[in-house]
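The values are calculated or read from the model by the stated rules, or taken from the named source; none is laboratory data. These numbers come from a predicted model, not from an experiment. Here the Cβ positions follow ideal geometry from the backbone for every residue, glycine too, while neighbour counts run over all protein chains shown.
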């Protein structure tokens, strides 16, 4: 059960922000196409930075624990994005996700 919840938290940001970006955030925040793309890509950038560190940690810590903790952090950050982000910079800093160990 915890792994299913973890995967939900891990996948939530992939669909939540891009699905509301075009219809709601671009007009409300006055984003350009470039800034909207950067906002949508900030998740991927954080993922890219987290992968080398957290993948290395799986040699010392159980990978399931890293997945569950990272996914919980990612889901909390996604909810915080919805509650507190009010522009490009606060939206781009919404989270730095943890990768799914393979």
| request: Could you list all residues from the stretch 83-102 that are surrounded by fewer than 13 Cβ atoms within 10 Å (Cβ to Cβ) and either at pLDDT 75 or above or part of a helix (DSSP H, G or I) (or both)? | output: 83, 84, 86, 89
| message | Just to be sure I understand the filter: pairs with C-beta atoms under 8 Å, separated by 6 or more residues or on different chains, first member in the stretch 59-83 and within 17 Å of residue 11 (Cβ to Cβ), second member at pLDDT 85 or above and in a helix (DSSP H, G or I). Which pairs pass? | response | 66/54; 66/57; 70/50; 70/54
| task | Taking residue 25 as meeting all but one of (1) part of a helix (DSSP H, G or I); (2) over 15 Å from the mean Cα position of the chain (by Cα); (3) at pLDDT below 85; (4) surrounded by fewer than 19 Cβ atoms within 10 Å (Cβ to Cβ), write down the number of the exception. | result | (4)
| remark: By residue number, the members of the stretch 36-67 that are under 20 Å from residue 7 (Cβ atoms) and in a loop (DSSP other than H, G, I, E, B) are 58, 61, 62
